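These notes concern the structure reproduced below.
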Amino acid sequence: MRRAACALLALAALLLAAGCAAGPKTRNYGVLDPQQERDVLYVVPFDATLVPPDFGEPVFNQFVDLLNAGRKQTRVGRFVILKEELKEVEPAWLIKQIYVSGDIWGYVENSGCCSTDMKVKSRIYLYEPGKNSPTFEVFVPVESFFEHDRSTSAAARARMGGRLARELADAVIKKLTP
């Protein structure tokens with residue numbers, strides 16, 4: 001009886017979360033020409049504030065892999081990870097580049113007896129050469145839910161991270177597609 005009650009409660013929470021979950025929100029602050037050829041688009045490692053290391057780093061790596069997998073849809077030759085932190089990069093060089101930076105924050109896991117709700121937020125910015133402010137911004141909140149007898153925290157975290165990376169990469173590829 002307790003297991004059935006937990007399952008019903010979990011189903012209700014899942015339906016509620018799915019109905020209330022916000023999708024990606026995109027803001028354009030300028031006009032990006034997707035027809036323009038770009039040899040390299042740099043990707044700055046995400047700033048992950050209060051996010052487990054086993055979540056933030058894999059999300060970033062998947063994001064870059066997905067960008068490179070989708071680059072044939074765009075006019076970008078390759079997406080390259082910028083190895084230095086932004087504060088260490090020569091400003092005169094950086095202002096001449098097109099690059100993406102981002103943040104991951106607000107990671108929360110709420111566990112009950114039978115299930116766990118997970119949430120995280122992310123935002124990415126695309127900067128064009130010669131501009132100090134972003135041309136394009138995407139905000140992606142992701143929520144997930146799992147029952148303890150059907151999955152583990154690590155597996156659910158990996159699925160949620162994969163979804164976040166896909167939504168972020170899809171937004172960038174869409175913006176860069178002619």
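Sub-9 Å Cβ pairs linking a first residue in the stretch 65-83 that is touching a residue at least 60 places away in the same chain (Cβ under 8 Å) to a second residue that is charged (D, E, K, R) and assigned to a helix (DSSP H, G or I), at least 6 apart or interchain, are LEU66/ARG166; LEU66/ASP170; GLY70/ASP170; GLN73/LYS174; THR74/LYS175, ordered by first then second residue.
Remark: pairs (first residue in the stretch 135-158, under 19 Å from LYS175 (Cβ atoms); second residue in a strand (DSSP E or B) and aromatic (Phe, Trp, Tyr); Cβ separation under 6 Å; 6+ apart in sequence or on different chains) = GLU137/TYR125.
Please go through the stretch 150-161 and give me each residue that is assigned to a helix (DSSP H, G or I) and surrounded by fewer than 16 Cβ atoms within 10 Å (Cβ to Cβ), ordered by number.
Result: SER153, ALA154, ALA155, ARG159.
Those strands (runs of 3 or more DSSP E) of the stretch 1-118 in which at least 1 residues are within 14 Å of LEU176 (Cα to Cα), at pLDDT 90 or above and open to solvent by 70 Å² or more (accessible area, probe 1.4 Å), considering only elements entirely within it, cover 38-43, 76-81.
The values are calculated or read from the model by the stated rules, or taken from the named source; none is laboratory data. Small disclaimer: the values here were computed from a predicted structure and weren't measured. FYI the Cβ positions are ideal-geometry reconstructions off the backbone, even for glycines, and counts take in every protein chain you see. Surface accessibility is based on the protein's heavy atoms, side chains included, excluding ligands, DNA and RNA. Shrake-Rupley method; radii C 1.70, N 1.55, O 1.52, S 1.80 Å.
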